[in-house]
Amino acid sequence: MTEPIKIERYKDCVPKNGIWYDHWGTIFISVMRKSKPYVRRKAVPYDKKMDNDLSEWHREWQYDKIELNYGSEQFGVKSYEVTINIDNEDHRIDSLVKGIAIEFQHTLSVGLDEIDLRFSAHSKYGLIPYLVIDLADYSTDEFKKTFISEEKQPLKTKLNKWLTSKYSESNNLFIDLKDGMIRIVNSVELGYLEMSCEYFLKNLLELEKYLVVEIKQDQERVKKERKERLKREKESELRSVEKERERFYHEKFDNPDFKFYRFCFANPVIKPYVMPFNGERFEYFTHSDEVEGYLKKWHRYYSKDSNFEILYRTVSKIIEKKISTYKGIRIKKEFEYLFAEIQLKDRYITIAKFERKGKFVKIIPKEKSIFRK
């Protein structure tokens, strides 16, 4: 076997029969599989990581993207397979770039406890922990629909696992899709930020700084949109009120239900008390009751613009007359109108009380009870 060929870039590891490569101390062996030749590492440092053998997606990220842009060729120090020791335990980091520890995860095989352990170890060491997961079989449109959906589906199952990780809770979960990348950010309205893979690689060392800016911009945008929405709702409400006010303007003159309302605004004794509410919209409600030979009927006019209301109650005596019919004697009720009582209230406090007999209206002193038992 010839000596491994020393290379500076992983992409120079072209699989050839019997050829090994030395990439800054890491040995890669050519595997001449008939279907598709490829290279693999000769040995992997032992630790407790539960990763399967590296996938093509993992290799591409670790070597062709991170190492090529931030590794030995650029900074003189390899970026991949860096081991740190925390609490007397070794932890191997997939890629380490100037304080940013990146883990790549291709499958769901690694338990959430193990993923969270990596986050905690990297954080305790003083690093910024990132997790990039492989969902490159899905598009950004598929992600967006699934992210807000409650339906159970394969992509939702995969997302649900990673969204409960410490990486996700800390805004440090990245999702690699077929046409872009997503950063899960709980601090923004959508819950995520979009970016391209090129943007991620180009700005890797500035992503935390940009995140602060983007969160602030999103908060300002949400605040502005909320203000504009409230303004539109207010304008719509005002238009609705004006239409209803116009409708009521005609109703208070024409609707028979408002005859007592009109009386109060026309009567010289009552008018001074009700005129301050002349421009308001009113609703009408009525009910009646027979008590000890008397019919009492309430006509209530309550404002939709304030707490003012007019309670107009008529009191009539019930007279029962016997009438002979071919079926025998039956009782016919007749009503003898006696008087009306009017009470004006604002916020459930009585403003004034009046008694009406015929056309004559008098105000009732406050110390007297207008409503007779």
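The values are calculated or read from the model by the stated rules, or taken from the named source; none is laboratory data. From a predicted model like this one, the values you see are computed outputs, not experimental measurements. Positions of Cβ are generated from backbone atoms using ideal geometry, with glycine treated the same way; all protein chains shown enter the neighbour counts.
Could you check the range 311-330 and list, in sequence order, the residues that are surrounded by 11 or more Cβ atoms within 10 Å (Cβ to Cβ) and among the hydrophobic types (A, V, I, L, M, F, W, C)?
L311, V315, I318, I319
Only one of (1) over 19 Å from N160 (Cα atoms); (2) crowded, with 17+ Cβ neighbours inside 10 Å; (3) under 34 Å from the mean Cα position of the chain (by Cα) is not met by S79, so which one is it?
That leaves (3) as the condition not met.
Which of the numbered conditions does L96 fail, given that it passes all the others? Conditions: (1) at negative phi; (2) touching a helix residue (DSSP H, G or I) at 6+ places or on another chain (Cβ under 8 Å).
(2)
How about the range 129-141: which of its residues are surrounded by 14 or more Cβ atoms within 10 Å (Cβ to Cβ) and either over 21 Å from the mean Cα position of the chain (by Cα) or farther than 25 Å from R59 by Cα (or both)?
Result: P129, Y130, L131, V132, I133, D134, L135, A136, Y138, S139.
Anything in the range 194-249 that is among the small types (G, A, S) and in the same structural domain as D134 (by TED's automatic domain parsing)? List them, or say none.
S196 - this is the single residue of the range 194-249 that is among the small types (G, A, S) and in the same structural domain as D134 (by TED's automatic domain parsing).
Output the residues belonging to the range 148-165 that are surrounded by 11 or more Cβ atoms within 10 Å (Cβ to Cβ) and of a type in the set (K, R).
Passing the criteria: K156, K158, K161.
May I ask you to say which residue of T146, T107 is assigned by TED's automatic domain parsing to the domain that holds L201 and either within 22 Å of Y210 (Cα to Cα) or not in a helix (DSSP H, G or I) (or both)?
Exactly one residue qualifies, and that residue is T107.
Identify, from the list F308, F263, the residue that is at pLDDT 95 or above, in the same structural domain as I349 (by TED's automatic domain parsing), surrounded by 10 or more Cβ atoms within 10 Å (Cβ to Cβ) and more than 44 Å from the chain's Cα centre (by Cα).
Answer to the selection: F263.
Have a look at D141, D137 and point out the one that is over 21 Å from I84 (Cβ atoms) and part of a loop (DSSP other than H, G, I, E, B).
D137
Which residues, counting only those in the range 166-221, are without any contact (Cβ under 8 Å) to a residue 40 or more places away in the chain, assigned to a loop (DSSP other than H, G, I, E, B) and surrounded by fewer than 17 Cβ atoms within 10 Å (Cβ to Cβ)?
N186, S187, E189, L190, S196, N203
Can you pull out every residue in the range 1-32 that is crowded, with 16+ Cβ neighbours inside 10 Å, part of a loop (DSSP other than H, G, I, E, B), of a type outside the set (V, I, T) and at negative phi?
Passing the criteria: P4, C13, P15.
Considering the range 346-364 alone, what residues qualify as being surrounded by fewer than 17 Cβ atoms within 10 Å (Cβ to Cβ), touching a residue at least 24 places away in the same chain (Cβ under 8 Å) and assigned to a strand (DSSP E or B)?
D346, I351, K362, I363
For F308, work out the one condition from (1) under 20 Å from I270 (Cα atoms); (2) out of contact with any helix residue (DSSP H, G or I) (no Cβ under 6 Å at 6 or more places or on another chain) it doesn't fulfil.
(2)
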